[in-house]
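Working notes for the structure below.
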Amino acid sequence: MTEWRRQVSTFRRTLGSVLYGMFLHDMARAHLRQRGTLEHLFILITFGDMVGLPILPPYYCMRLLPFVVPEISGWRRRLLRERDLLDAIF
């Protein structure tokens with residue numbers, strides 16, 4: 001009986017993974033990509049003066065600074081890296 005339950009459990013897990021891949025994986029990746037884009041724009045708007053684009057007054061930037069410090073190095077790297085035509089497609 002235990003062997004049968006283990007096989008059913010394995011089958012359910014496999015079926016769930018296949019169905020997730022068929023229906024939800026692409027949508028989940030698109031949402032992650034969109035979240036990254038929105039975070040990039042948020043940091044650009046609030047801390048654009050680091051790259052010469054002042055938009056918000058410094059008071060609000062300083063209030064938000066503790067929440068953004070861990071992401072600043074990755075943001076600057078993404079902002080300043082070279083891009084080509086294929087980056088917009090993928």
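Data for the structure
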read-out: Residue pairs meeting the criteria (Cβ under 7 Å; at least 6 apart or on separate chains; first more than 18 Å from SER73 (Cβ to Cβ), in the range 44-56; second of a type in the set (S, T, N, Q) and modelled with pLDDT of 75 or more); value: LEU56/THR46
read-out: Criterion violated by ARG33 - all others in (1) of a type in the set (D, E, K, R); (2) over 18 Å from PRO70 (Cβ atoms); (3) touching a residue at least 12 places away in the same chain (Cβ under 8 Å) satisfied; value: (3)
read-out: Matching residues, the range 41-57, being hydrophobic (A, V, I, L, M, F, W, C) and not in a helix (DSSP H, G or I); value: LEU53, ILE55, LEU56
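The values are calculated or read from the model by the stated rules, or taken from the named source; none is laboratory data. Because the structure is a prediction, the values reported are computed rather than measured. In this analysis, Cβ positions are derived from the backbone assuming ideal geometry, glycine residues included, and neighbour counts consider all displayed protein chains.
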